[in-house]
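For reference, the structure discussed in these notes is given below.
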There are 2 protein chains.
Amino acid sequence: MLKTKILPAADNAYQYPLLIKRLLMSGARYEKTREIVYRDQLRFSYATFNERVARLANVLSAAGVKAGDTVAVMDWDSHRYLECMFAIPMLGAVLHTINIRLSPDQILYTMNHAEDKFVLVNSEFVPLYKGIEGHLTTVEKTILLTDTAHKTADLPNLVGEYESLLAAASPSYEFADFDENSVATTFYTTGTTGNPKGVYFTHRQLVLHTLSMATVVGSLDSIRLMGTDDVYMPITPMFHVHAWGMPYVATMLGIKQVYPGRYDPELLVKLWRDEKVTFSHCVPTILQMVMHAKAAEGVDFGGWKLIIGGSALNSSLYKAAKSRGIQLTAAYGMSETCPLISCAHMNEELLAGSEDERITYRIKAGVPVPLVDAAIMDANGQMLPVDGETQGELVLRAPWLTQGYFREPQKGAELWEHGWMHTGDVATLDSMGYIDIRDRIKDVIKTGGEWISSLELEDLISRHAAVKEVAVVGIADPQWGERPFALLVLRDGQALNARGLKEHLKPFVEEGHINKWAIPTQIAVVTDIPKTSVGKLDKKRIRVDIGQWQAANSPFLSTL
Amino acid sequence: MLKTKILPAADNAYQYPLLIKRLLMSGARYEKTREIVYRDQLRFSYATFNERVARLANVLSAAGVKAGDTVAVMDWDSHRYLECMFAIPMLGAVLHTINIRLSPDQILYTMNHAEDKFVLVNSEFVPLYKGIEGHLTTVEKTILLTDTAHKTADLPNLVGEYESLLAAASPSYEFADFDENSVATTFYTTGTTGNPKGVYFTHRQLVLHTLSMATVVGSLDSIRLMGTDDVYMPITPMFHVHAWGMPYVATMLGIKQVYPGRYDPELLVKLWRDEKVTFSHCVPTILQMVMHAKAAEGVDFGGWKLIIGGSALNSSLYKAAKSRGIQLTAAYGMSETCPLISCAHMNEELLAGSEDERITYRIKAGVPVPLVDAAIMDANGQMLPVDGETQGELVLRAPWLTQGYFREPQKGAELWEHGWMHTGDVATLDSMGYIDIRDRIKDVIKTGGEWISSLELEDLISRHAAVKEVAVVGIADPQWGERPFALLVLRDGQALNARGLKEHLKPFVEEGHINKWAIPTQIAVVTDIPKTSVGKLDKKRIRVDIGQWQAANSPFLSTL
């Protein structure tokens, strides 16, 4: 370590820890009249929001929540969730955002593993909660969240109903200082094997992530993604790495926020119109659903800026959205990364190019946001060339990456092998710093000694006019090692078989975009593609389904 | 301290210190083709800039610069200064930005006090340097900076000339990690009494300041002050708290930057036009000079966004700038605060008001930027009401305030008395968080038991059509304690005496803006008002001048 100059602070000097409470000192205090909206049920101002955070802190303290305790939330996306994202960590406690799309067994596992002591349960999840309640080992008290008039439920150790408790509590609370390296939030991510793993983020990490993200949404690109005059509505679940960190940014800036609860496409379109939403973020699947909603028929979504993440954005979706007035920007991240890593904004060079050239970049993972360091590494921990061609595993350093998995030291050490956080994604990096994700390491198709990117193939297949949705996986093949298999959902009234798909892909082979082994010899046409709890293609499940269809020689299949 | 949950990092996990080198990882790497321009003499791309920073690091290392050493710069505002703001701290060394407007004696004092070991000297300052050189106690080596063809100078212990040295050095350098609490920069601020005091900022502080400032320039207000498509030109000296921190922001975002060298108003107008500058910051005096430059005659400055700080912005200047197409935003800070504390942007409430109402806020100090905590305190350390009326000393907490004065523990402890940083400014805070600076504590005029704000009086006087510039100070008075005295510069061909000024101020008394004791009984009409080294009204000097004029019964004076 270099011997730099480090000076002691003056007597009396205040040491300034980076704490989440600091995010409430600017926009959320200044924009008193701006609103936080929950569906068509509730709206209140930031002035009220600040009071509600204090009321919630008083309620939780009175219920016995202490610094270091873990407090879990099972809710749809709501103003209550936003309040929990502040009040719980600001008490020095840990917010566990329960992934409500996991199976009851997995939810039980994460709650015991995280050592949840208090749980806030939406009335719709009471049956689920009661099903696992007998096996919970650490929970002491519950609070009911409900949108109904019925303010109680048959919940064990119930403290009371959220709104009634808040109404009775004091609207002020003096939040103490503590170490900025205190854990603020935890969330369980599902891998392909084994139990869900708990990532966790400290106050310091969340504050730095918020600041860096705010510079990105405000200052980058010719498009300003979000300024204080925008209206923000998340369309990614709040349990999933804090709705990608954006509610913290929106609150710090004092922006009007709209929480839709459940992601009913019809409701989303209605809220977009009624509340004049200008900025959102979601996975590609939900965007598809919103654009195809009944309420969206003939609607010009002009002025709506959307960040797309979670899955690769393909050019068909980009263009379809554009033709509806929606400006898409791709971004990249994962549960382990808080999540923002990169954003596909344009530099001077790209802005000078043609629209088609720009689109090829607008749908990539993008360039690292301020303070993020990205590299690609081979399997031996050696750094690979940054030439836009060499593929390797994307590895990261940033101030806000999970420092391990909760109570999984071995998995944590593997995540950080060689001192870089491993993403499990195969990518290239070019000299501009642009990240192009080629595949998940485990989803790369290895055929005849060549690597085929399932993502690239999905993009090319999606350009066929009949294709509404597509997933490509590698299927074991005695001759080639693996062969690509395509699972398709077609548009109404359209047909496509393996031969038709081959015709569609041939020109891409001839132009050198893909090699001829990339053409699937077998496809399946289905009505629905399995997704994970956070809306990504569930390739593990897809491989199981295909095996069963092949064994049964299912009529879904079409073979060359 | 609360017992929060603090988890050890996983084995292999990389600890991420906040270091200035991280600011080069986003925009400065991504925007390869954008330019950095030095006057009409030199322009190069960010790709070259990155190489030049590495070359400079190699030059300094070869010259013997080690982590912990202090390296001083005496230069006009240039691309070289920007390179020093990165390369020197990135080596773990401390950059001392010498205040070239101080007297030679004061410069000598600061160089010995800061323990400068290396000095980079502009050829124009060689005579000054040689005048003090015999008394420098710590300097070992010098490097020459020059815009002339003559690449050497009679400088003791000269390593060589900057551009020649860079040309010969390697364009790559592996910058090591170190503690984020290492001192990165130091700067000496002049008080009203005693020697200049050294404020200092760590890597962590500068990175956090840069992020917070970037959110402000990008996201706040209906005006986006600076995005990556803007062109930035500083008009505040780089020695003065890093040109208010903006070069770090511009570089992090990868924005085109234009460095004007000396602040010749004619050159500034030329650069503004030729380089299509859209964003700058300066003190009010320089803006006056720019708008009145020969080259500015009849020019519409449409699209130029300017942050005004350093001195209070008055409504006359705001309106004059607006009529020329310039959008002004007031901001507030000082050497001790890195400097950004607040920015006068509009919230929804203010935007809904009339233009006149908005102007009264646009010229105030503004609201704290993200992470800044502001309060007002009485002389006993008690917090005062936040009601927009109660006046007290503005005190601050933020992650980037100087933690003391270098080698002045007593003054550092006073700066931080009661655990808050004392600004020496009298202010009010309102419920929106808006800071309104009423005066310097030492410039408040105490007359007949009432406090009169010299700043407020200056604003009202400046509204008289004949007044070009004004300074108000309190002068000892046997009957009233103090009485306000106004020093005026008039517009060409205009006249104004004490009686005329009284007529102008009477309506403000009648409307209750000021009390009748605020009307000066004596004024002086002069051709020039004394300024400090950073362009502020030098009220210490003004009081001395007035004393001499009064003793000599000078013809400058006009008495009621």
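The values are calculated or read from the model by the stated rules, or taken from the named source; none is laboratory data. In this text, all values refer to a predicted model and were calculated from it rather than measured experimentally. Note that each Cβ is placed from the backbone with ideal geometry, even for glycine, and that neighbours are counted across all protein chains shown. Heavy atoms of the whole protein, side chains included, go into the accessibility calculation; ligands, DNA and RNA do not. Shrake-Rupley method; radii C 1.70, N 1.55, O 1.52, S 1.80 Å.
Summary table
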quantity: Ratio Rg/Rh, restricted to the protein assembly as shown and using Cα atoms, in which Rh is the Kirkwood radius; calculated: 0.99
quantity: Share of pairwise Cα separations in the stretch A:35-93, more than 19 Å, in percent; calculated: 30
quantity: DSSP bridge orientation in the stretch A:445-560 - percent antiparallel, rounded to nearest 5; calculated: 80
quantity: Gyration tensor verdict on the stretch A:235-278 (Cα atoms; rounded if a/c is under 1.5, prolate if a/b is larger than b/c, oblate otherwise); calculated: oblate
quantity: Note, ³J(HN,Hα) from phi for the stretch B:224-232, Karplus 6.51, -1.76, 1.60, rounded to Hz, x at Gly and Pro; calculated: 8, 5, 8, x, 5, 8, 7, 10, 9
quantity: Residues of the stretch A:1-45: accessible area per residue with a 1.4 Å probe, Å²; calculated: 46
quantity: Long-range amide H partners of residue A:254 with built H, under 5 Å; calculated: A:27, A:28
quantity: Label geometry 7 Å along the beta-carbon vector: residue B:61 inter-copy distances in nm; calculated: 5.3
quantity: Interchain or long-range residues, amide H under 5 Å from residue A:439's placed H; calculated: A:426
quantity: Distance between modelled label sites at residue B:152 and residue A:132, nm, 7 Å Cα→Cβ extension; calculated: 7.8
quantity: Filter on B:364/B:516; B:141/B:540; A:322/B:319; B:364/B:540; A:151/A:305; A:322/A:531 - keep pairs with C-alpha separation over 29 Å; calculated: B:141/B:540; A:322/B:319; A:151/A:305
quantity: Innermost chain A residue relative to the axis carrying A onto B, by Cβ distance in angstrom; calculated: A:218, 1
quantity: Using a 7 Å Cα-to-Cβ projection, residue B:379 label spacings across copies, nm, ascending; calculated: 7.7
quantity: Residue A:291 - accessible surface, heavy atoms, 1.4 Å probe, Å² rounded to 10; calculated: 10
quantity: Summed buried accessible surface, chains B and A, 1.4 Å probe, nearest 100 Å²; calculated: 7300
quantity: Amide H within-cut-off set for residue B:120, under 5 Å, with H built and near neighbours excluded; calculated: B:72, B:73, B:74, B:143
quantity: Whether the stretch A:282-376 is rounded, prolate or oblate, judged on the alpha carbon gyration tensor where a/c under 1.5 counts as rounded; calculated: oblate
quantity: Anisotropy class of the stretch B:445-559 from Cα gyration tensor, a/c 1.5 cut; calculated: rounded
quantity: Heavy-atom accessible surface of chain A: percent carbon and sulfur, 1.4 Å; calculated: 50
quantity: Ellipticity estimate at 222 nm from DSSP helix runs (n ≥ 4, -39,500 (n - 2.57)) divided over the protein assembly as shown, nearest 500; calculated: -8500 deg cm²/dmol
quantity: Copy-to-copy label separations for residue B:322, where each label sits 7 Å from Cα toward Cβ, in nm and ascending; calculated: 4.0
quantity: DSSP-defined beta bridges in chain A - what % are antiparallel, rounded to 5; calculated: 55
quantity: Karplus-derived 3J(HN,Hα), 6.51/-1.76/1.60, for each residue of the stretch A:103-113, Hz, glycine and proline x; calculated: 6, x, 4, 5, 4, 4, 4, 5, 5, 6, 5
quantity: Distance between modelled label sites at residue B:527 and residue B:3, nm, 7 Å Cα→Cβ extension; calculated: 7.6
quantity: Nearest-10 value in Å² for the accessible area of residue B:203, using the 1.4 Å probe; calculated: 0
quantity: The protein assembly as shown, dipole about Cα centre (Lys/Arg Cβ +1, Asp/Glu Cβ -1), debye to the nearest 20; calculated: 420
quantity: HN-Hα J in Hz across the stretch A:422-427 - Karplus 6.51, -1.76, 1.60, θ = phi - 60°, x for Gly and Pro; calculated: 8, 8, x, 9, 8, 8
quantity: Helix axis angle, B:46-63 relative to chain B longest principal axis, alpha carbon, degrees; calculated: 70
quantity: 0 to 90° range, to nearest 10: angle between helix A:539-552 axis and chain A longest Cα axis; calculated: 40
quantity: Given charges at beta-carbon only (K, R positive; D, E negative), |dipole| of the stretch B:377-449 in Debye; calculated: 320
quantity: Distance (nanometres) between label positions extended 7 Å along Cα→Cβ at residue B:297 and residue A:354; calculated: 5.0
quantity: Over chain B: Kirkwood hydrodynamic radius from C-alpha pairwise inverse distances, Å; calculated: 24.9
